[in-house]
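Reading through the structure tokens given below for one structure.
The values are calculated or read from the model by the stated rules, or taken from the named source; none is laboratory data. Since this is a predicted model, take the numbers as computed values, not measurements. Cβ coordinates were reconstructed from backbone atoms using ideal geometry, including for glycine residues, and neighbour counts include every protein chain displayed. In case anyone asks, the SASA skips ligands and DNA or RNA and just uses the protein heavy atoms, side chains included. Shrake-Rupley method; radii C 1.70, N 1.55, O 1.52, S 1.80 Å.
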Amino acid sequence: MALKIQVPRRLLPLLVAAARDLTPIVAVIAFFQIVVVQQPFPNLDRVLVGLVFVIVGLMLFVRGLEMGLFPFGETLAVAFARKGSLSALLLFAFCLGFGTTVAEPALIAVAGEAAEVAGRAGAIEGTPEAMEDYALSLRLTVAASVGAALVIGVFRILRGWPVQYLIIGGYGVVIVLTYFAPPEIVGIAYDSGGVTTSTITVPLVTALGVGLATTIRGRNPLVDGFGLIAFASLTPMIFVLVFGMVV
């Protein structure tokens, strides 16, 4: 007796949208595998099953953001703004940035890989304990930097500061620190700015900015609500460069 699987009608458009979003990368891989490399796909059955899992996972992830993280972040931002407590709002922003970043899977992977490479290169002791401490220190440094970034970003929204001047000044600091930091840490610092803006951090940080800009009178959510992610990408580079100079 054949097993009949029925997809709920509400989920079908979401599955179609997820499949459509993945179509370009699938087309690129298929083109180079078939036309350029001219070889059949290895383990095609496993590849197809994995592709189905990716489509379903992407659908559930996007739907989860829409249902949970975005409304949750906006609700908290609105609640703190209405309380009128600046210290509580800034503390919340720092804890949100720190907590979401320290749990980022991409950051955990990059920090672990950096520790292994540093151990093999002799920059740190090659013992598991030393590499684990190095990876944890790097993760905590990046997490603290994102917390500081959200504090600066919240101040910017409250004061109405133009985002471009802060970003330009921040990258100027990065350029200066690059000349003084050890060469071994520069690449890690630059990569740290990218891995922080991943699956967990981005939805909550964006919701925080939009929620604040929506609540505060005189602020435009489109103009003032976005830009926090730019700070979350910038400050880790500064903090990790300083971390490399100190450690």
Between region 119-157 and region 174-239, the alpha-carbon center distance in angstrom: 15
Size of electric dipole in region 94-247: Cβ of Lys, Arg +1 and of Asp, Glu -1, about Cα centre, debye, nearest 20: 880
Lys/Arg +1, Asp/Glu -1 at C-beta; the chain dipole; positive extreme among Leu51, Val246, Thr178: Leu51
Dimensionless Rg ratio for region 151-235, taking C-alpha atoms and the 2.2 N^0.38 Å reference: 1.21
Length added when fully stretched, Phe32-Arg46, from 0.36 nm per residue minus Cα-Cα: 3.2 nm
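What percent does the relative contact order of the chain come to when contacts are Cα pairs within less than 8 Å and at least six residues apart? List each step's numbers first, then the result.
Working: 277 pairs, mean separation 61.1, N = 247.
Answer for the chain is 25 percent.
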Residue-averaged [θ]222 nm for the chain, counting only DSSP H segments that reach four residues, each worth -39500 (n - 2.57): -26000 deg cm²/dmol
Region 86-209: relative contact order as a whole-number percent, Cα under 8 Å and 6+ apart: 40
Accessible area of the chain divided out per residue, in Å², using a probe of 1.4 angstrom: 59
Accessible carbon and sulfur surface of the chain relative to its total accessible area, %, 1.4 Å: 69
